[in-house]
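The values are calculated or read from the model by the stated rules, or taken from the named source; none is laboratory data. The model shown is predicted, which means the values in this text are computed figures rather than measured ones. As a convention, Cβ positions derive from the backbone with ideal geometry for all residues, glycine included, and neighbour counts pool all protein chains shown. Areas reflect the complete protein model, heavy atoms only, side chains present, ligands, DNA and RNA absent. Shrake-Rupley method; radii C 1.70, N 1.55, O 1.52, S 1.80 Å.
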Amino acid sequence: MLLYAGSPTELWLDVQVSSLCPRYPYLPHTLPSWIETLMQYILSFSLAFCLLNALPAYYLDGDLAFKLLITAVEQRTRVARATKCNILASADSKPLYKKELADSGAEEPVELSRGGQMVYTAVTALTTVLLGWCIVGSVLLLAL
């Protein structure tokens, strides 16, 4: 039992109750909370670096992932268009997009079309510029 005459806020901030006690007297009793805080910081930084690396900016992994995404979408529309044209083609005529159907299962990477290259360049350049300005702004805020 504890009897305290004073501000409850001070008591709340100054007293820490725990069921843990150190096995060795030279270890601080706050060691578990320090380790927990350290693990939270490590998790936060790892998640932040993961999200930062996934941005579609030059020299980051998101750049290649975004290019692969555009390539996959283009291949899918190319195959859908070729399938539609083959269905509409008569039995006597040659399929219009036979080369696209053969290339759709190819293992070598397909180059982006002009429109896909424009989208890739615009999004990647914009993300790189925004990321650069965020870094410059953070450095300026730290310097002030």
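At a glance:
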quantity: Residue pairs meeting the criteria (Cβ under 9 Å; at least 6 apart or on separate chains; first part of a helix (DSSP H, G or I), in the range 118-142; second of a type in the set (Asp, Glu)); calculated: TYR120/ASP63; THR124/ASP63; THR127/ASP63; THR128/ASP63
quantity: One residue from LYS99, LYS84, LYS94 being in a loop (DSSP other than H, G, I, E, B), at pLDDT below 85 and either on the phi < 0 side of the Ramachandran plot or open to solvent by less than 100 Å² (accessible area, probe 1.4 Å) (or both); calculated: LYS94
quantity: Filter result (among the hydroxyl-bearing types (Ser, Thr, Tyr), under 17 Å from LEU126 (Cα atoms) and surrounded by 10 or more Cβ atoms within 10 Å (Cβ to Cβ)) within the range 40-70; calculated: TYR58
quantity: Every pair of residues 6+ apart whose Cβ atoms lie under 9 Å, when the first sits in the range 14-37 and is within 26 Å of TYR4 (Cβ to Cβ) and open to solvent by 70 Å² or more (accessible area, probe 1.4 Å) while the second is in a loop (DSSP other than H, G, I, E, B) and of a type in the set (Ser, Thr, Tyr); calculated: VAL15/TYR4; GLN16/THR30; SER18/THR30; HIS29/SER18
quantity: Residues (in contact (Cβ under 8 Å) with a residue 40 or more places away in the chain and more than 11 Å from the chain's Cα centre (by Cα)) located in the range 52-62; calculated: ALA57, TYR58
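Per-residue answers, yes or no, for (1) under 30 Å from TRP133 (Cα atoms); (2) in a helix (DSSP H, G or I); (3) touching a Gly at 6+ places or on another chain (Cβ under 9 Å):
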residue: ARG23; (1), (2), (3): no, no, no
residue: THR37; (1), (2), (3): no, yes, no
residue: LEU64; (1), (2), (3): yes, yes, no
residue: VAL73; (1), (2), (3): no, yes, yes
